[in-house]
Each structure stands twice: as structure tokens, then as C-alpha cells.
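Chemist: This is the structure, below, for whatever I ask next.
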Amino acid sequence: MRKISKKQISFLIIAFTIAAVYGLKLWKQSSQTSSKNVMAVKTKGDPRASIKIVEYVDLECPSCAKGSKYLDQFMKDHPGKIYLQIKYFPLTMHQHGFTSAKYAECTARQEKFWPFVDLVFERQKEWSILHNARPAFDQIAKEINLNMGQLERCLDDKSVDDVVMANAREGKALDVKSTPSYFVNGKMVVGIKYLEAELNRLLEENKN
Amino acid sequence: MVAKILPWVELFIGLFVVLGLWLDISLRAALILFMGFILVVGQALIRHLPLTECGCFGGLISLPPYVVFMMDSCALCLTGLLILKKDQSHGFSLDRYFEKDNK
């Protein structure tokens, strides 16, 4: 067998290095795009809508479940008016707040965020009293046909914790203290009653 | 243009030095590179330019110019030593492997 020459090995090293550098570049770009996609999955409505809401939510908070129902109905009644983005704000008083947020983030990575969140809110009374709510979340995940292996790996991924904690830190910096806290076109509104008032005010304003 | 080409030149020179390939050329090229870096960073230090970092490592590592100057000086000395002590420095190089192969 003919032995490889010094010139050939040099050429191979150069070619391999160029391929590795561009490969890394592409991989970095695709991972950035996928994190942007995950963010987009946690939104609802028309991005060009005049009312933009960022909601800081704790999935174990009963008012958040009510708020979610209210917003769903409002968005149905006023199509194209609202663009909603969800951010996590797990409260320490809720034992499953952080775990449920992690599950939600993992479902977002499989583009099943809203079906999961809707069912989690719907069954909140059942799982919130459990000592360990993970089987209840797993059950919901199965019902919405998540890839369970991928979900398990995702839940062990530290970057998921980081996303949840970063959201919470961001909320704290914006003076969020309780949930649900909404930022309606940048204005902070706490609780459903005030959200309702603010949305109706904005609708009136838009009419005029 | 220089900003686009130089990182590739640095990468290949570094790689060839580590692998011990074309060592005579790659070590001399590394020596010239380090001299260039020392000149550029050194003149910035002498002129007291208000630089908090030289931008030598992109966004990855942030080092003040005087640290970079010291690092480059150490690297220059080490490269000079490798050139002077050619017999020892070429011991486990790919160059030596190919030389043996040719004999």
C-alpha cells in the first residue's frame, strides 16, 4: 500500500480544519436558530397585533389558570388583536412551580408548549395536591404525544433550568412579585381584574 | 481582508507547530507573527491608547493589552527556544516521523 506523503497529510489537515471550522460555525448558527424557535413556540397570536402581552406565569398558580382561560376567550373574541408571550416565574411557595416550568420548557423544545400548558392548567387542582407531580406531567406529555425519551433527557439538561431561572431573574428585575403579572404594551398589570380593565381600555382606544 | 485571512494563518501555523509539521517554516512563521503582535500591542501601550482590551481573542476571552503583551513575549521566547533547540523540539514531531520514513 502506498504511504501517505508529508504534502498529502498537510493538505488533509488544512482541509479537515477548514471543514471543522465551518461545521462548528453552522452548528452554532443552527443552535441559535433553534433557541429562537423555542421562544416563538411560547407565543400566541399575531406578532403584528397592536396589543402585545408578556405574561409571567407560575403553572401552579390558580389565578394563572383563570387568567389563561380568560385570555384564550379574549383572543377568540378579538382575533388578531393580541400577541401573547409566556415567561416563567415559578413562586417558591408552590412546590411544583419550578418542575412544571421545566416540563413546559421541554415541551416547547418539542413544539407542544400550548397543548401541555392548557392541560396543565386544566388539571391543576389534581396535580398541585400531589407530593410528586411528575407522573401527572408525564401522563399529560404522553397524551400530547411527546417523545418521552427526549423529554427525559431534556429534563436532565441544565440549560432548561437556566432558561427558567433567567426568566424569573428578568421578572424580578422588572419588579414582578406575584403571578400572573402581565406587561401589556410594556405596562405592568397584576391580576386578571386589572388585565381585563387594561385590555378593554386599549380596545376602546383602538376603536377611537 | 487582513482581519479575514490572519485568523486562518494563525490557526494553521499553530496547528502545524503543535503537530510538528514543516516545523522549520511554521516555527519561523510563528516567530514573525508574535513579533508583529508585540509591535502592535506594544505601540498601543507606549502611546497610552485608551484600550480596555485588544480584541485579540474575539468575544471569547477579554484580556487587557499589557497581559496580551506579556503572553506574546513569553510565546516569542518559547518559539525562539524551540528554534534554537531544534534537535530536542523535533523529537515527537510529524516531521521526524516522515524523515524516518524516508530513510
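The values are calculated or read from the model by the stated rules, or taken from the named source; none is laboratory data. These figures come from a predicted structure and were not determined experimentally. Backbone-built Cβ (ideal geometry, glycine too); neighbour counts: all protein chains shown.
Chemist: Name the helices (runs of 4 or more DSSP H) wholly inside the range A:133-208 in which the number of residues that are more than 24 Å from residue A:54 (Cβ to Cβ), at pLDDT 90 or above and in the same structural domain as residue A:67 (by TED's automatic domain parsing) is 3 or more. Outline the logic, then answer.
Modeler: Working: elements: A:134-143, A:148-156, A:158-173, A:192-207.
So the answer is A:134-143, A:148-156.
Chemist: Of the conditions (1) of a type in the set (S, T, N, Q); (2) closer than 19 Å to residue A:87 by Cα; (3) touching a residue at least 40 places away in the same chain (Cβ under 8 Å), residue A:128 satisfies every one except a single condition; which number is it?
Modeler: Residue A:128 satisfies every listed condition except (2).
Chemist: Test each condition in (1) closer than 21 Å to residue A:168 by Cα; (2) assigned to a loop (DSSP other than H, G, I, E, B) for residue A:104 and report the one that comes out false.
Modeler: Of the numbered conditions (1) closer than 21 Å to residue A:168 by Cα; (2) assigned to a loop (DSSP other than H, G, I, E, B), the odd one out for residue A:104 is (2).
Chemist: Would you please list the contacts, defined by Cβ atoms under 9 Å and residues six or more apart or on different chains, that run from a residue in the range A:62-74 that is touching a residue at least 60 places away in the same chain (Cβ under 8 Å) and more than 17 Å from residue A:200 (Cβ to Cβ) to a residue that is part of a helix (DSSP H, G or I) and basic (Lys, Arg)?
Modeler: Cβ pairs passing all conditions: A:62/A:125.
Chemist: Which residues, taken from the range A:2-40, are closer than 17 Å to residue B:97 by Cα, among the β-branched types (Val, Ile, Thr) and part of a helix (DSSP H, G or I)?
Modeler: Once the filter is applied, which keeps residues that are closer than 17 Å to residue B:97 by Cα, among the β-branched types (Val, Ile, Thr) and part of a helix (DSSP H, G or I), the range A:2-40 yields A:9, A:13.
Chemist: A further question on this structure: Looking at the range A:33-50, which of its residues are surrounded by 10 or more Cβ atoms within 10 Å (Cβ to Cβ) and either within 14 Å of chain B (Cβ to nearest Cβ) or farther than 19 Å from residue A:106 by Cβ (or both)?
Modeler: Those that are surrounded by 10 or more Cβ atoms within 10 Å (Cβ to Cβ) and either within 14 Å of chain B (Cβ to nearest Cβ) or farther than 19 Å from residue A:106 by Cβ (or both): A:45, A:46, A:49, A:50.
Chemist: On to the next question. Mind checking which pairs have a first residue in the range B:78-95 that is within 14 Å of chain A (Cβ to nearest Cβ) and a second that is part of a loop (DSSP other than H, G, I, E, B) and among the small types (Gly, Ala, Ser), Cβ under 8 Å, 6 or more apart or different chains?
Modeler: Partner pairs satisfying both residue conditions: B:90/B:20; B:93/B:20; B:94/B:20; B:95/B:20.
Chemist: Within the range B:11-103, which helices (runs of 4 or more DSSP H) (wholly inside it) include 2 or more residues that are at pLDDT 90 or above and more than 23 Å from residue A:16 (Cβ to Cβ)? Please lay out each step first, then the result.
Modeler: Numbers: elements: B:23-46, B:65-84, B:86-89, B:94-102.
Filter on the range B:11-103 gives B:23-46, B:65-84.
Chemist: To continue, here is another question. Considering only residues of the range A:1-59 that are among the hydrophobic types (A, V, I, L, M, F, W, C), in contact with a helix residue (DSSP H, G or I) (Cβ under 6 Å, 6 or more places away or on another chain) and at pLDDT 90 or above, which is nearest to residue A:88 (Cα to Cα)?
Modeler: As a first pass, look at the range A:1-59 and keep what is among the hydrophobic types (A, V, I, L, M, F, W, C): A:1, A:4, A:9, A:11-16, A:18-21, A:24, A:26-27, A:38-41, A:49, A:51, A:53-54, A:57, A:59.
Remaining after also requiring in contact with a helix residue (DSSP H, G or I) (Cβ under 6 Å, 6 or more places away or on another chain): A:38, A:41, A:51, A:57, A:59.
Cutting the leftovers down to at pLDDT 90 or above gives us A:51, A:57, A:59.
On the way: A:51: 20, A:57: 5, A:59: 8 Å.
Across the range A:1-59, the extreme among qualifying residues is A:57.
Chemist: Further question: Looking only at residues that are touching a Pro at 6+ places or on another chain (Cβ under 8 Å) and surrounded by fewer than 15 Cβ atoms within 10 Å (Cβ to Cβ) in the range B:52-75, which one is farthest from residue B:9 (Cα to Cα)?
Modeler: Here the residue is B:52.
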